[in-house]
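All remarks here apply to the structure that follows.
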Amino acid sequence: MGCKIAVFGTGYLGATHAACMAELGHDVLGVDIDSNKLASLASGKAPFFEPGLDEVLQANIENGRLRFTTSYPEAADADFADIHFIGVATPQKRGEFAADLSYVDSVIADLAPLLTRPATIFGKSTVPVGTAARLQQTVLGLAPARDDVEVAWNPEFLREGYAIRDTLQPDRIVLGIDRERPGRAEQVARQVYSDIIATGVPFLVTSRETAELAKTSANAFLATKISFINAMAEVCDVAGADIIELADAIGYDPRIGRKFLNAGVGFGGGCLPKDIRAFMARAGELGANQALTFLREVDSINMRRRASTVEKTRELVGGSLIGARVAVLGAAFKPDSDDVRDSPALNIAGQIQLQGASVAVYDPKAMENSRRLFPTLEYAVGVAEACIGADITLVLTEWEEFRNLDPAKLKTLVREPRIVDGRNCLDPERWRACGWTYNGLGTR
Ligand SMILES: NC(=O)c1ccc[n+]([C@@H]2O[C@H](COP(=O)([O-])OP(=O)(O)OC[C@H]3O[C@@H](n4cnc5c(N)ncnc54)[C@H](O)[C@@H]3O)[C@@H](O)[C@H]2O)c1
(Lines give C-alpha, C1' and ligand atoms only; values in the text may rest on other atoms or scores of the structure.)
Protein backbone atom coordinates (compact mmCIF):
# COMPACT_ATOMS: atom_id res chain seq x y z
CA MET A 1 0.00 0.00 0.00
CA GLY A 2 1.33 3.41 -0.95
CA CYS A 3 1.75 6.20 1.61
CA LYS A 4 0.00 9.57 1.54
CA ILE A 5 2.64 12.24 1.17
CA ALA A 6 2.69 16.04 0.91
CA VAL A 7 5.73 17.82 -0.52
CA PHE A 8 6.06 21.53 0.36
CA GLY A 9 7.96 23.53 -2.24
CA THR A 10 7.83 22.29 -5.83
CA GLY A 11 11.02 23.75 -7.29
CA TYR A 12 13.92 21.71 -8.66
CA LEU A 13 14.06 19.53 -5.56
CA GLY A 14 10.39 19.39 -4.55
CA ALA A 15 8.82 18.82 -7.98
CA THR A 16 11.28 16.00 -8.64
CA HIS A 17 10.72 14.49 -5.21
CA ALA A 18 6.92 14.68 -5.53
CA ALA A 19 6.95 13.11 -9.00
CA CYS A 20 9.35 10.35 -7.95
CA MET A 21 7.39 9.52 -4.77
CA ALA A 22 4.30 9.07 -6.97
CA GLU A 23 6.40 6.93 -9.31
CA LEU A 24 7.18 4.70 -6.31
CA GLY A 25 3.43 4.15 -5.88
CA HIS A 26 2.60 6.76 -3.22
CA ASP A 27 -0.30 9.18 -3.28
CA VAL A 28 1.35 12.61 -3.49
CA LEU A 29 0.25 16.22 -3.16
CA GLY A 30 2.75 18.91 -4.20
CA VAL A 31 2.20 22.19 -2.31
CA ASP A 32 3.60 25.54 -3.35
CA ILE A 33 2.73 29.23 -2.99
CA ASP A 34 3.46 29.91 -6.66
CA SER A 35 0.22 29.17 -8.52
CA ASN A 36 1.82 29.62 -11.98
CA LYS A 37 4.37 26.95 -11.16
CA LEU A 38 1.61 24.66 -9.91
CA ALA A 39 -0.50 25.19 -13.03
CA SER A 40 2.42 24.19 -15.21
CA LEU A 41 3.21 21.13 -13.07
CA ALA A 42 -0.44 20.08 -13.02
CA SER A 43 -0.45 20.15 -16.82
CA GLY A 44 2.48 17.72 -16.81
CA LYS A 45 5.13 20.26 -17.72
CA ALA A 46 7.90 21.21 -15.29
CA PRO A 47 8.47 25.00 -15.22
CA PHE A 48 12.21 24.26 -15.50
CA PHE A 49 14.30 21.90 -17.61
CA GLU A 50 15.12 18.55 -16.07
CA PRO A 51 15.62 15.56 -18.39
CA GLY A 52 12.88 12.93 -17.97
CA LEU A 53 10.85 14.87 -15.39
CA ASP A 54 7.93 15.74 -17.67
CA GLU A 55 7.40 12.06 -18.50
CA VAL A 56 7.29 11.07 -14.81
CA LEU A 57 4.95 13.99 -14.05
CA GLN A 58 2.56 13.11 -16.88
CA ALA A 59 2.43 9.39 -16.09
CA ASN A 60 1.61 10.00 -12.44
CA ILE A 61 -0.89 12.80 -13.02
CA GLU A 62 -2.68 10.47 -15.44
CA ASN A 63 -2.75 7.53 -13.01
CA GLY A 64 -4.11 9.86 -10.33
CA ARG A 65 -1.26 9.50 -7.84
CA LEU A 66 0.09 13.04 -8.23
CA ARG A 67 -1.74 16.33 -7.66
CA PHE A 68 -0.76 19.91 -6.89
CA THR A 69 -2.28 22.60 -4.68
CA THR A 70 -1.64 25.89 -2.91
CA SER A 71 -3.74 24.70 0.03
CA TYR A 72 -2.01 23.67 3.26
CA PRO A 73 -5.32 22.52 4.81
CA GLU A 74 -5.78 20.15 1.87
CA ALA A 75 -2.35 18.64 2.54
CA ALA A 76 -2.95 18.25 6.28
CA ASP A 77 -6.57 17.11 5.91
CA ALA A 78 -7.65 14.05 7.90
CA ASP A 79 -8.14 12.18 4.62
CA PHE A 80 -4.73 13.04 3.39
CA ALA A 81 -1.11 13.09 4.44
CA ASP A 82 0.64 12.27 7.70
CA ILE A 83 3.98 12.42 5.94
CA HIS A 84 5.24 15.88 5.03
CA PHE A 85 8.42 16.64 3.11
CA ILE A 86 9.89 20.16 3.12
CA GLY A 87 11.73 21.13 -0.08
CA VAL A 88 11.58 24.94 -0.08
CA ALA A 89 14.57 27.13 -0.91
CA THR A 90 17.26 28.12 1.60
CA PRO A 91 19.09 30.89 -0.28
CA GLN A 92 21.92 33.07 0.97
CA LYS A 93 20.73 35.98 3.09
CA ARG A 94 21.16 39.36 1.48
CA GLY A 95 24.49 40.88 2.50
CA GLU A 96 25.42 37.93 4.71
CA PHE A 97 26.91 34.48 4.34
CA ALA A 98 24.21 32.80 6.44
CA ALA A 99 21.27 30.85 5.00
CA ASP A 100 17.87 32.51 4.83
CA LEU A 101 15.58 30.07 6.62
CA SER A 102 12.44 32.18 6.32
CA TYR A 103 10.86 29.85 3.72
CA VAL A 104 11.42 26.76 5.86
CA ASP A 105 10.15 28.63 8.94
CA SER A 106 7.06 29.75 7.10
CA VAL A 107 6.18 26.19 6.02
CA ILE A 108 6.37 25.11 9.66
CA ALA A 109 4.40 28.16 10.85
CA ASP A 110 1.58 27.38 8.39
CA LEU A 111 1.64 23.59 8.60
CA ALA A 112 2.14 22.86 12.31
CA PRO A 113 -1.15 24.43 13.54
CA LEU A 114 -3.01 22.09 11.16
CA LEU A 115 -1.47 18.93 12.56
CA THR A 116 -4.10 17.46 14.86
CA ARG A 117 -2.93 13.84 14.68
CA PRO A 118 0.43 12.04 14.63
CA ALA A 119 2.58 13.11 11.69
CA THR A 120 6.18 13.04 10.47
CA ILE A 121 7.89 16.02 8.90
CA PHE A 122 10.96 15.17 6.82
CA GLY A 123 13.14 18.13 5.93
CA LYS A 124 14.89 17.79 2.59
CA SER A 125 16.12 21.37 2.10
CA THR A 126 19.78 22.03 2.83
CA VAL A 127 19.90 23.73 6.24
CA PRO A 128 22.45 24.78 8.86
CA VAL A 129 23.14 22.17 11.51
CA GLY A 130 20.72 22.56 14.41
CA THR A 131 17.73 23.61 12.28
CA ALA A 132 15.74 20.38 12.71
CA ALA A 133 16.02 20.47 16.50
CA ARG A 134 14.91 24.12 16.50
CA LEU A 135 11.95 23.36 14.23
CA GLN A 136 10.95 20.48 16.50
CA GLN A 137 10.58 23.01 19.35
CA THR A 138 8.48 25.31 17.15
CA VAL A 139 6.24 22.40 16.16
CA LEU A 140 5.82 21.44 19.80
CA GLY A 141 4.47 24.91 20.50
CA LEU A 142 2.21 25.14 17.44
CA ALA A 143 0.85 21.69 16.61
CA PRO A 144 -2.29 20.51 18.40
CA ALA A 145 -0.82 16.96 18.22
CA ARG A 146 2.27 18.31 20.08
CA ASP A 147 5.01 15.71 20.47
CA ASP A 148 3.19 13.28 18.22
CA VAL A 149 4.60 15.37 15.39
CA GLU A 150 8.17 14.41 14.69
CA VAL A 151 10.73 16.46 12.74
CA ALA A 152 13.41 14.38 11.02
CA TRP A 153 15.97 15.41 8.39
CA ASN A 154 16.41 13.53 5.15
CA PRO A 155 18.88 15.61 3.11
CA GLU A 156 18.72 15.54 -0.67
CA PHE A 157 21.83 14.74 -2.72
CA LEU A 158 20.31 14.89 -6.23
CA ARG A 159 22.20 16.54 -9.08
CA GLU A 160 20.31 18.73 -11.54
CA GLY A 161 20.44 17.02 -14.92
CA TYR A 162 20.27 13.58 -13.23
CA ALA A 163 17.53 14.40 -10.72
CA ILE A 164 15.17 11.55 -11.54
CA ARG A 165 17.86 8.90 -11.48
CA ASP A 166 19.39 10.33 -8.32
CA THR A 167 16.00 10.30 -6.56
CA LEU A 168 14.95 6.82 -7.65
CA GLN A 169 18.41 5.25 -7.52
CA PRO A 170 20.32 7.32 -4.97
CA ASP A 171 23.84 6.46 -3.80
CA ARG A 172 22.49 6.44 -0.25
CA ILE A 173 19.58 7.62 1.86
CA VAL A 174 20.46 9.52 5.02
CA LEU A 175 17.88 9.96 7.75
CA GLY A 176 18.53 12.10 10.80
CA ILE A 177 16.26 11.41 13.76
CA ASP A 178 16.03 12.59 17.35
CA ARG A 179 18.30 10.03 18.97
CA GLU A 180 17.12 10.99 22.47
CA ARG A 181 13.47 10.38 21.63
CA PRO A 182 13.29 8.20 18.54
CA GLY A 183 9.71 7.99 17.29
CA ARG A 184 8.23 6.61 14.10
CA ALA A 185 10.36 8.54 11.60
CA GLU A 186 12.70 5.64 10.77
CA GLN A 187 9.81 3.24 10.29
CA VAL A 188 7.94 5.77 8.12
CA ALA A 189 11.01 6.51 5.98
CA ARG A 190 11.66 2.79 5.50
CA GLN A 191 8.09 2.46 4.25
CA VAL A 192 8.35 5.49 1.91
CA TYR A 193 11.65 4.30 0.45
CA SER A 194 10.99 0.54 0.71
CA ASP A 195 11.36 -0.12 -3.04
CA ILE A 196 14.64 1.78 -3.13
CA ILE A 197 16.02 0.16 0.02
CA ALA A 198 15.07 -3.27 -1.39
CA THR A 199 17.53 -2.70 -4.26
CA GLY A 200 20.38 -2.52 -1.76
CA VAL A 201 20.77 1.27 -1.53
CA PRO A 202 22.47 2.04 1.83
CA PHE A 203 20.04 3.52 4.35
CA LEU A 204 21.90 5.41 7.06
CA VAL A 205 20.13 6.43 10.25
CA THR A 206 21.97 9.18 12.13
CA SER A 207 21.23 12.00 14.53
CA ARG A 208 19.50 15.01 12.98
CA GLU A 209 22.69 17.04 13.35
CA THR A 210 24.78 14.45 11.51
CA ALA A 211 22.23 14.28 8.69
CA GLU A 212 22.22 18.08 8.30
CA LEU A 213 26.02 18.12 8.32
CA ALA A 214 26.22 15.20 5.87
CA LYS A 215 24.72 17.43 3.19
CA THR A 216 26.68 20.59 3.90
CA SER A 217 29.96 18.74 4.33
CA ALA A 218 29.38 16.77 1.09
CA ASN A 219 28.96 20.06 -0.74
CA ALA A 220 31.98 21.56 1.01
CA PHE A 221 34.05 18.56 -0.11
CA LEU A 222 32.86 18.80 -3.73
CA ALA A 223 33.52 22.55 -3.85
CA THR A 224 36.99 21.94 -2.41
CA LYS A 225 37.73 19.31 -5.04
CA ILE A 226 36.77 21.70 -7.85
CA SER A 227 38.76 24.57 -6.39
CA PHE A 228 41.72 22.25 -5.80
CA ILE A 229 41.94 21.33 -9.48
CA ASN A 230 41.38 24.94 -10.51
CA ALA A 231 44.24 26.01 -8.25
CA MET A 232 46.39 23.32 -9.89
CA ALA A 233 45.35 24.74 -13.28
CA GLU A 234 46.69 28.14 -12.23
CA VAL A 235 50.02 26.49 -11.38
CA CYS A 236 50.00 24.52 -14.66
CA ASP A 237 49.52 27.76 -16.57
CA VAL A 238 52.66 29.33 -15.15
CA ALA A 239 54.71 26.10 -15.07
CA GLY A 240 53.98 24.97 -18.62
CA ALA A 241 52.20 21.81 -17.43
CA ASP A 242 48.87 20.43 -18.57
CA ILE A 243 45.94 20.20 -16.14
CA ILE A 244 44.05 17.52 -18.10
CA GLU A 245 47.04 15.18 -18.13
CA LEU A 246 47.68 16.03 -14.48
CA ALA A 247 44.06 15.26 -13.50
CA ASP A 248 44.29 11.92 -15.34
CA ALA A 249 47.58 11.12 -13.66
CA ILE A 250 46.34 11.79 -10.12
CA GLY A 251 42.76 10.65 -10.79
CA TYR A 252 43.79 7.02 -11.31
CA ASP A 253 44.60 6.90 -7.61
CA PRO A 254 41.35 5.54 -6.15
CA ARG A 255 41.91 7.63 -3.02
CA ILE A 256 41.65 10.74 -5.24
CA GLY A 257 39.35 9.66 -8.10
CA ARG A 258 38.98 11.39 -11.49
CA LYS A 259 35.42 12.73 -11.00
CA PHE A 260 35.06 16.46 -10.22
CA LEU A 261 38.67 17.04 -11.30
CA ASN A 262 37.87 19.02 -14.43
CA ALA A 263 39.41 22.47 -14.37
CA GLY A 264 37.23 25.26 -15.69
CA VAL A 265 35.40 28.44 -14.82
CA GLY A 266 34.35 26.93 -11.51
CA PHE A 267 31.23 25.97 -9.64
CA GLY A 268 27.97 27.89 -9.41
CA GLY A 269 24.27 27.15 -9.22
CA GLY A 270 21.71 27.28 -6.45
CA CYS A 271 23.68 25.03 -4.07
CA LEU A 272 27.48 24.90 -3.78
CA PRO A 273 28.29 28.64 -3.49
CA LYS A 274 25.59 29.46 -0.97
CA ASP A 275 26.00 26.19 0.91
CA ILE A 276 29.70 26.65 1.63
CA ARG A 277 29.04 30.22 2.78
CA ALA A 278 26.16 29.18 5.03
CA PHE A 279 28.37 26.42 6.41
CA MET A 280 31.10 28.94 7.31
CA ALA A 281 28.53 31.22 8.92
CA ARG A 282 27.04 28.41 10.99
CA ALA A 283 30.44 27.12 12.10
CA GLY A 284 31.19 30.68 13.26
CA GLU A 285 27.97 30.82 15.28
CA LEU A 286 28.90 27.52 16.91
CA GLY A 287 32.42 28.72 17.74
CA ALA A 288 34.19 26.50 15.20
CA ASN A 289 34.95 29.13 12.56
CA GLN A 290 38.63 28.16 12.36
CA ALA A 291 37.63 24.69 11.21
CA LEU A 292 36.18 26.09 8.01
CA THR A 293 38.43 29.03 7.14
CA PHE A 294 39.77 26.91 4.25
CA LEU A 295 36.35 27.28 2.61
CA ARG A 296 37.04 30.99 2.22
CA GLU A 297 40.00 30.06 0.06
CA VAL A 298 37.86 27.53 -1.84
CA ASP A 299 35.36 30.33 -2.52
CA SER A 300 38.01 32.82 -3.59
CA ILE A 301 39.79 30.36 -5.93
CA ASN A 302 36.37 29.78 -7.50
CA MET A 303 35.62 33.48 -7.91
CA ARG A 304 39.11 34.07 -9.30
CA ARG A 305 38.29 31.74 -12.20
CA ARG A 306 35.56 34.12 -13.31
CA ALA A 307 37.79 37.19 -13.05
CA SER A 308 40.72 35.48 -14.79
CA THR A 309 38.51 34.34 -17.68
CA VAL A 310 37.42 37.95 -18.21
CA GLU A 311 41.05 39.07 -18.05
CA LYS A 312 42.19 36.39 -20.49
CA THR A 313 39.41 37.40 -22.91
CA ARG A 314 40.50 41.03 -22.68
CA GLU A 315 44.14 40.15 -23.34
CA LEU A 316 43.25 37.95 -26.30
CA VAL A 317 41.33 40.73 -28.03
CA GLY A 318 44.29 43.05 -27.69
CA GLY A 319 44.03 44.61 -24.23
CA SER A 320 40.64 46.30 -24.29
CA LEU A 321 37.13 44.96 -24.50
CA ILE A 322 35.65 48.26 -25.59
CA GLY A 323 33.84 47.72 -28.86
CA ALA A 324 34.77 44.04 -29.03
CA ARG A 325 32.13 41.55 -30.10
CA VAL A 326 32.06 38.51 -27.81
CA ALA A 327 30.10 35.29 -28.34
CA VAL A 328 29.28 33.44 -25.13
CA LEU A 329 28.18 29.83 -25.58
CA GLY A 330 26.52 28.57 -22.42
CA ALA A 331 24.63 30.37 -19.67
CA ALA A 332 23.41 27.59 -17.36
CA PHE A 333 25.73 26.78 -14.43
CA LYS A 334 26.07 23.29 -15.85
CA PRO A 335 24.87 21.32 -18.88
CA ASP A 336 21.48 19.56 -18.94
CA SER A 337 20.01 22.26 -16.71
CA ASP A 338 18.37 25.64 -17.26
CA ASP A 339 19.48 26.84 -13.82
CA VAL A 340 21.35 30.15 -14.00
CA ARG A 341 21.52 30.88 -10.27
CA ASP A 342 25.05 32.16 -9.56
CA SER A 343 26.15 30.83 -12.95
CA PRO A 344 29.83 31.49 -13.75
CA ALA A 345 28.94 31.72 -17.46
CA LEU A 346 26.44 34.54 -17.05
CA ASN A 347 28.58 36.26 -14.48
CA ILE A 348 31.52 36.30 -16.93
CA ALA A 349 29.26 37.47 -19.77
CA GLY A 350 28.01 40.32 -17.55
CA GLN A 351 31.53 41.39 -16.49
CA ILE A 352 32.72 41.42 -20.11
CA GLN A 353 29.78 43.55 -21.13
CA LEU A 354 30.51 45.97 -18.27
CA GLN A 355 33.99 46.44 -19.74
CA GLY A 356 32.50 47.74 -22.97
CA ALA A 357 32.08 44.68 -25.19
CA SER A 358 28.89 43.71 -26.94
CA VAL A 359 28.07 40.20 -25.78
CA ALA A 360 25.79 37.71 -27.54
CA VAL A 361 24.78 34.71 -25.41
CA TYR A 362 23.35 31.39 -26.50
CA ASP A 363 22.36 28.44 -24.32
CA PRO A 364 20.29 25.43 -25.44
CA LYS A 365 17.92 25.60 -22.43
CA ALA A 366 18.63 28.57 -20.19
CA MET A 367 17.66 31.52 -22.43
CA GLU A 368 14.49 32.49 -20.62
CA ASN A 369 16.04 32.35 -17.15
CA SER A 370 19.11 34.25 -18.36
CA ARG A 371 17.04 36.99 -19.93
CA ARG A 372 15.20 37.44 -16.64
CA LEU A 373 18.43 37.70 -14.64
CA PHE A 374 20.58 39.67 -17.13
CA PRO A 375 18.14 41.51 -19.42
CA THR A 376 20.82 43.78 -20.86
CA LEU A 377 22.82 41.00 -22.55
CA GLU A 378 22.07 40.18 -26.16
CA TYR A 379 20.53 36.73 -26.70
CA ALA A 380 20.94 34.75 -29.93
CA VAL A 381 18.66 32.02 -31.23
CA GLY A 382 21.55 29.65 -31.87
CA VAL A 383 25.32 29.22 -31.95
CA ALA A 384 25.55 30.64 -35.47
CA GLU A 385 23.74 33.88 -34.62
CA ALA A 386 25.78 34.35 -31.45
CA CYS A 387 29.04 33.91 -33.33
CA ILE A 388 28.44 36.15 -36.35
CA GLY A 389 31.22 38.73 -36.45
CA ALA A 390 32.66 37.63 -33.08
CA ASP A 391 36.16 38.80 -32.17
CA ILE A 392 36.31 36.00 -29.65
CA THR A 393 34.13 32.99 -28.73
CA LEU A 394 33.83 31.67 -25.19
CA VAL A 395 32.49 28.20 -24.31
CA LEU A 396 31.40 28.51 -20.69
CA THR A 397 28.98 25.56 -20.18
CA GLU A 398 29.95 22.14 -21.49
CA TRP A 399 26.75 21.26 -23.38
CA GLU A 400 27.04 18.32 -25.79
CA GLU A 401 26.01 20.70 -28.59
CA PHE A 402 29.15 22.78 -28.01
CA ARG A 403 31.46 19.78 -27.68
CA ASN A 404 30.27 18.70 -31.13
CA LEU A 405 30.66 22.07 -32.86
CA ASP A 406 32.29 22.07 -36.26
CA PRO A 407 35.27 24.47 -36.02
CA ALA A 408 35.56 24.77 -39.81
CA LYS A 409 31.93 25.85 -40.18
CA LEU A 410 32.06 28.25 -37.24
CA LYS A 411 35.21 29.87 -38.62
CA THR A 412 33.25 31.15 -41.60
CA LEU A 413 30.97 33.13 -39.25
CA VAL A 414 33.33 34.78 -36.78
CA ARG A 415 35.53 37.79 -37.43
CA GLU A 416 38.49 36.26 -35.56
CA PRO A 417 38.88 32.52 -34.96
CA ARG A 418 39.77 32.79 -31.27
CA ILE A 419 38.21 30.45 -28.75
CA VAL A 420 38.36 30.33 -24.96
CA ASP A 421 37.37 26.87 -23.74
CA GLY A 422 36.23 27.70 -20.22
CA ARG A 423 35.41 24.06 -19.47
CA ASN A 424 38.30 22.32 -21.22
CA CYS A 425 35.65 20.39 -23.12
CA LEU A 426 36.85 20.84 -26.73
CA ASP A 427 39.59 19.03 -28.60
CA PRO A 428 42.38 21.63 -28.96
CA GLU A 429 44.03 19.84 -31.88
CA ARG A 430 40.82 19.80 -33.89
CA TRP A 431 40.25 23.52 -33.39
CA ARG A 432 43.86 24.45 -34.07
CA ALA A 433 43.89 22.32 -37.22
CA CYS A 434 41.08 24.53 -38.55
CA GLY A 435 43.06 27.68 -37.87
CA TRP A 436 41.63 28.68 -34.50
CA THR A 437 43.64 30.14 -31.64
CA TYR A 438 42.60 27.77 -28.84
CA ASN A 439 42.82 28.73 -25.16
CA GLY A 440 41.95 26.26 -22.45
CA LEU A 441 42.47 26.68 -18.72
CA GLY A 442 45.76 25.24 -17.50
CA THR A 443 46.09 23.29 -20.69
CA ARG A 444 48.25 23.62 -23.79
N1 LIG B 1 18.33 22.17 -6.86
C2 LIG B 1 19.09 21.17 -6.48
O3 LIG B 1 19.78 20.54 -7.27
C4 LIG B 1 19.16 20.76 -5.02
C5 LIG B 1 19.80 19.57 -4.66
C6 LIG B 1 19.88 19.21 -3.32
C7 LIG B 1 19.35 20.06 -2.36
N8 LIG B 1 18.75 21.23 -2.73
C9 LIG B 1 18.18 22.09 -1.69
O10 LIG B 1 16.78 22.00 -1.80
C11 LIG B 1 16.17 23.23 -1.41
C12 LIG B 1 15.27 23.73 -2.52
O13 LIG B 1 16.07 24.01 -3.65
P14 LIG B 1 15.44 24.20 -5.10
O15 LIG B 1 16.59 24.29 -6.03
O16 LIG B 1 14.38 23.19 -5.33
O17 LIG B 1 14.73 25.65 -4.92
P18 LIG B 1 13.61 26.34 -5.84
O19 LIG B 1 13.77 27.78 -5.61
O20 LIG B 1 13.68 25.77 -7.21
O21 LIG B 1 12.23 25.85 -5.20
C22 LIG B 1 11.72 26.28 -4.00
C23 LIG B 1 10.19 26.30 -4.10
O24 LIG B 1 9.63 26.55 -2.81
C25 LIG B 1 8.45 27.33 -2.99
N26 LIG B 1 8.06 27.96 -1.72
C27 LIG B 1 8.58 29.04 -1.10
N28 LIG B 1 7.93 29.28 0.05
C29 LIG B 1 6.98 28.32 0.18
C30 LIG B 1 6.02 28.01 1.16
N31 LIG B 1 5.89 28.75 2.27
N32 LIG B 1 5.20 26.94 0.96
C33 LIG B 1 5.33 26.17 -0.14
N34 LIG B 1 6.24 26.41 -1.10
C35 LIG B 1 7.06 27.47 -0.95
C36 LIG B 1 8.84 28.30 -4.08
O37 LIG B 1 7.72 28.89 -4.69
C38 LIG B 1 9.63 27.38 -5.02
O39 LIG B 1 8.78 26.78 -5.98
C40 LIG B 1 17.31 24.15 -1.04
O41 LIG B 1 17.57 24.06 0.34
C42 LIG B 1 18.49 23.56 -1.82
O43 LIG B 1 19.73 23.90 -1.25
C44 LIG B 1 18.62 21.59 -4.04
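The values are calculated or read from the model by the stated rules, or taken from the named source; none is laboratory data. Because the structure is a prediction, the values reported are computed rather than measured. As a convention, Cβ positions derive from the backbone with ideal geometry for all residues, glycine included, and neighbour counts pool all protein chains shown. Remember, those area values only see protein heavy atoms, side chains included, never the ligands or the DNA or RNA. Shrake-Rupley method; radii C 1.70, N 1.55, O 1.52, S 1.80 Å.
Net charge of the neighbourhood of residue 95, taken over other residues with C-beta under 14 Å away and scored Lys/Arg +1, Asp/Glu -1, is +2. Note on the chain: Lys pairs 8 or more places apart or on different chains, Cα atoms under 21 Å apart, count 21. Scaled against 2.2 N^0.38 Å for its residue count N, the alpha carbon radius of gyration of segment 304-439 is 0.93. Among the trypsin sites (Lys or Arg not before Pro) found in segment 238-305, those both in a DSSP coil and sparsely packed, with 14 or fewer other Cβ atoms within 10 Å of their Cβ, are 255, 258, 259.
The charge dipole of the chain, taken about the Cα centre with unit charges on the Cβ atoms of Lys, Arg (+1) and Asp, Glu (-1), comes to about 780 debye, rounded to the nearest 20. Note on segment 216-299: semi-axes of the ellipsoid equivalent to its C-alpha gyration tensor, largest first and rounded to whole Å, are 26, 13, 12. Among the protein heavy atoms of segment 216-299, carbon and sulfur supply 62% of the accessible surface, probe 1.4 Å, non-protein parts ignored. Note that the chain shows a convex hull volume over its alpha carbon atoms of 151 Å³ per residue. In the distance distribution for segment 282-334, Cα-Cα pairs more than 17 Å apart total 59 percent. I want to check the label-to-label distance for residue 35 and residue 288. Put each point 7 Å from Cα in the C-beta direction and report it in nm to one decimal. Placing both labels 7 Å beyond Cα along the Cβ direction yields 4.5 nm. Remark: segment 216-299 carries 49 Å² of accessible area per residue (probe radius 1.4 Å; ligands, DNA and RNA excluded).
May I ask for the longest run of the chain untouched by GluC sites (Glu not before Pro) that are loop-located per DSSP and have at most 12 neighbouring C-beta atoms (other than their own) within 10 Å?
The reported range is 181-444.
Computed extension length for residue 145-residue 221: 23.4 nm, one decimal, from 0.36 nm per residue of separation with the Cα-Cα distance subtracted.
I want the antiparallel fraction of DSSP beta bridges within segment 4-201, as a percent rounded to 5. Taking every DSSP beta bridge within segment 4-201, about 10 percent pair in antiparallel fashion. For segment 4-201, the calculated P(r) over all alpha carbon pairs, in 5 Å bins from 0 to the bin holding the longest distance, is 1, 8, 17, 21, 22, 17, 10, 4, 1, 0 percent.
With only the Cα atoms considered, segment 115-189 has a convex hull volume of 105 Å³ per residue.
Kindly provide the chymotrypsin sites (Phe, Trp or Tyr not before Pro) of segment 198-252 that DSSP labels as loop, not H, G, I, E or B, and whose Cβ sees at most 10 other Cβ atoms within 10 Å.
252
Solvent-accessible area per residue in segment 4-201 equals 41 Å², computed with a 1.4 angstrom probe and all protein chains kept.
Remind me, relative contact order of segment 304-439 in percent, using alpha carbon pairs under 8 angstrom and six or more residues apart?
RCO, segment 304-439: 24 percent.
The orientation-averaged projection of the convex hull spanning the C-alpha atoms of segment 20-119 amounts to 7.6 square nanometres. Mean projected area of the convex hull spanned by the Cα atoms of segment 314-387, taken over all viewing directions: 4.5 nm². Computed over protein heavy atoms with a 1.4 Å probe, the carbon and sulfur contribution to the accessible area of segment 304-439 reaches 50%. Loop-located trypsin sites (Lys or Arg not before Pro) across segment 64-144 with a Cβ neighbour count of 13 or fewer within 10 Å are 94, with loop assigned by DSSP. Considering only 302, 230, 404, the Gaussian network model of the chain with Cα springs below 10 Å gives its largest mean-square fluctuation to 404. Near residue 296, once Lys and Arg are set to +1 and Asp and Glu to -1 for all other residues with Cβ below 15 Å from its Cβ, the sum equals 0. If you take the beta carbon distance between residue 239 and residue 199 as r and set R0 to 45 Å, what does 1/(1 + (r/R0)^6) give as a FRET efficiency, to the nearest 0.05? Efficiency computed from Cβ-Cβ geometry: 0.45. When the alpha-carbon atoms of segment 319-358 are used, the pair Rg, Dmax equals 11.3, 34 angstrom.
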